[in-house]
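Structure first, then comments.
We did not get these values from a lab; they are worked out from the coordinates using the rules stated. This structure is a prediction, so every number in the text was calculated from the model and none was measured. Positions of Cβ are generated from backbone atoms using ideal geometry, with glycine treated the same way; all protein chains shown enter the neighbour counts.
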Amino acid sequence: MLTNFLILSSIFGVKCSYDYTNEDDIWTGSSTRNGKIFWPYQESLIDAIHYATGKQGPKKNIGDYFDFLRDPYGLPPGLSSPLPEYDFIIIGAGSAGSVLASRLSENRNTTVLLLEAGKPEMLLTDVPAMAPYFQSTDYVWHYYMEHQDGVCLGMENERCFWPRGKAVGGTSVINYMIYTRGRPQEWDRIAAAGNYGWAYNDVLQYYKKSERAKLDGYENSPTRNKDGRMPVEFVQRRTKLIKAFLEAGKLLGHPTVDYNSPNELGFGYVQVTAQDGHRQSAAKVFLHKHKNRRNLHVLPESTATRVLIDEQTKTAYGVEFVRKGKTYVIKARKEVILSAGPIASPQLLMLSGVGPRDHLISKGIHVVQDLPVGQTLYDHICFPGAIFELNTTGVSFNENSAIDLTSIISWLRDGDSDLASPGAVEGIGYIKTPVSNDPEPIPDIELISIGGSILADGGPGGSKAVRKGMRIKEEVFNDAFGPIDTRDAWSAFPMLLHPKSVGRLELRDRNPFSHPRIYGNYLTDKTDSATFVASIRHIQALAATEPFQKFGARVYPANYPACRSTVFDSDEYWECAVRTLTATLHHQIATCRMGPVGDPLAVVDPELRVHGISRLRVVDSSVIPRTTSAHTNAPAIMIGEKAADMIKDTWRSSNGVYSYK
């Protein structure tokens, strides 16, 4: 505990630095002022995290110093290199891949190789409040959407930033930990399209299998579970603003509920994948306790470059990957499974010759199987700029009060300081705007209630991690919110649940280390922008109720450079504002879309087998064929659980050798 405290108190100092003048010393010592730890050479907090996560900095090899903070993975004693052959090779140790590797290796007679391009998680990733800081480190893939006119106007280079987790644990290591499942009708529609086994009651058993809920009684519901592996709990640290959000919701007809219940829509306290205020990634939960299994080999910093496919039989038989400058070719006796996520999985398929024929030919790639890989892409986008000033101080979260000595000690001891808050997210509310024409009780907007706003990241003297993590231009942010930067505020992010606009993903070239071209096509359907405007009107109605007026809540007239020709608070102004601060919530799906034989948009079948290729599956959120009212971490874990059973059943019925209990 003392070691943890010293490390955290050092790195959490709002100002911290390293002694660049002495190559034998990493830092020169520390001192305290106003309860905060810092070094004489001043660097920002986010720079310190760069060094801690291995990102290049002024100090040569300084990242190596922090390796002891990481959860170590590797080959068993006595092995200096991976085996030449495994039963299963899984590419990607994210939310789905971690679950899948854990479940398949339960049988000690089955060998599993799990490849991950990123590094293991570390002590700092356990801190929920650190989520925005990691958006600017090597713990994420720094993907950018291709430029699109009329969106992301306030972002750097007018391009939306799409960070995806690059770690053992994937995006579950750097996300905001929100646990949502989607509405029953959404999953039933997926099944009705020919995807047998994916109706709500089918997926519910796998949501429950993973879950170990502790939710003030909600865990006793027949749709919840308190005996699984993945902890799900309420955030322990809250502001008074969450009570106002829930009370305002009731006044507008939104009951306070378990929002993951299938029974009704409503508002509720946010549920997160955490335990006692500490992040619980998929790796921590599903891999950490089992990493010493001799039949489970986890190789971090290993980038898959190609799936090996026999062109005559159209059978996957192995993987090519690069690790520490060396290229390996490893064979799979049973299956190759892509769990690299909604960006890397389709990219790897196309690099391996599985994808749209004309596109692959244009990149000089030999076509093994013509499939619409990457041709469907949905994403959940939000608007973080509906900010309400408060006339009360000390009400909302602020970075400067969160990262001090007292908060660190409290978090280490009890997990209940401001550091336990996942980006100040406190509540979730589901609404159906007047724009929706869906006849069923399916929301079109999720409201994410924030115990503060994007102004709470320290302001001029702080890290500015939130705005930097979103890649908001400094001049746009200052013009829009400069006069109230760091002040107490409340905001709710509206998240568009069912966009009509459809994107796509393509290869940039045949180099496996190039990022693909991503076309979000955000707001190209007018219904999407109209839904956003309607949701902002609903947020304003919430803020106008007595619970928020106790705090003097008043919408702030942000001065966006692109919107100066519009009248503040007009529909035109809000649409322009949304197009200025267009932010992804990292929920990309459908790039390896699931569908039955004959579905012209399908890449995998309902058992997640790639159409036309034997012994090759995709197991991650890229297979979800249509949008759901869910953040994708919980569905990805569910997909990993369900896929594990499908794979076990396949090999049990085929030869009886692999007996899974």
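What to note about this one:
- Estimated translational diffusion coefficient (Stokes-Einstein, Kirkwood radius over Cα pairs, 4 °C, 1.567 mPa s) of segment 195-332: 68 µm² per second.
- Cα-centred dipole magnitude for segment 532-661, charges only on beta-carbon of K, R (+1) and D, E (-1), debye, nearest 20: 360 debye
- DSSP H segments from the chain that extend 24 Å or more along their own axis, Cα-based, with Kyte-Doolittle mean of -0.5 or above: 526-543, 633-655
- For the residue pairs Lys289/Lys468; Lys214/Lys284; Lys468/Lys500, the C-alpha atoms sit more than 25 angstrom apart in Lys289/Lys468; Lys468/Lys500.
- Prolate/oblate/rounded call for segment 436-485, Cα gyration tensor, a/c under 1.5 rounded: prolate
- Under a model in which nothing but the beta-carbon of Lys, Arg (+1) and Asp, Glu (-1) is charged, the chain shows a dipole of about 1500 debye around its Cα centre.
- Dipole of the chain [Lys/Arg +1, Asp/Glu -1 at C-beta], most positive-end residue of Gln369, Tyr430, Leu83: Leu83
- Charge dipole of the chain about the Cα centre (unit charges at C-beta), most positive-ward option of Pro557, Val270, Cys576: Val270
- Peptides 610-618, 496-504, 124-132 ranked from most to least packed, by the mean per-residue count of other Cβ atoms within 10 Å: 124-132, 610-618, 496-504.
- Ranked list, fewest to most other Cβ atoms within 10 Å of each Cβ, for Lys642, Lys648: Lys648, Lys642
- Within the shell defined by Cβ-Cβ distances under 10 Å, the residues around Glu121 carry a net charge of +2, with Lys and Arg each +1 and Asp and Glu each -1.
- Around the Cα centre of segment 417-486, unit charges on the Cβ atoms of Lys, Arg, Asp and Glu (plus for the first two, minus for the last two) sum to a dipole of about 260 debye.
- Compactness index (Cα Rg / 2.2 N^0.38 Å), segment 282-348: 1.25
- Of Thr632, Thr239, Thr591, the sequence from fewest to most neighbouring Cβ atoms within 10 angstrom is Thr239, Thr632, Thr591.
- By average C-beta atoms within 10 angstrom, highest first, the peptides 177-187, 89-99: 89-99, 177-187
- Cα centroid of segment 221-292 to Cα centroid of segment 370-385, whole Å: 26 Å
- Sorting Asp67, Asp370 from the fewest to the most surrounding beta carbons within 10 angstrom yields Asp67, Asp370.
- Charge tally for Glu247 (other residues, Cβ to Cβ under 11 Å; Lys, Arg +1; Asp, Glu -1): +3.
- Mean-position separation - Cα centroids, segment 443-489 and segment 65-126, in angstrom: 37 Å
- Summing charges over neighbours of Gly228, with a neighbour being any other residue whose Cβ is under 12 Å away from its Cβ, gives +3 when K and R count +1 and D and E count -1.
- Lys/Arg +1, Asp/Glu -1 at C-beta; the chain dipole; positive extreme among Tyr522, Tyr176, Pro499: Tyr176
- Sorting the segments 412-424, 386-398, 314-326, 330-342 by their mean number of nearby beta carbons within 10 angstrom, highest to lowest, gives 330-342, 412-424, 386-398, 314-326.
- Calculated [θ] (222 nm, deg cm²/dmol) that DSSP helices of n ≥ 4 give over the chain, each run adding -39,500 (n - 2.57): -7000 deg cm²/dmol
- Alpha-carbon centroids, segment 305-331 and segment 605-639: separation in whole Å: 22 Å
- Dividing the Cα radius of gyration of segment 78-189 by its Kirkwood radius returns 1.07 for Rg/Rh.
- Over the chain, equivalent-ellipsoid semi-axes from the Cα gyration tensor in Å: 37, 30, 24
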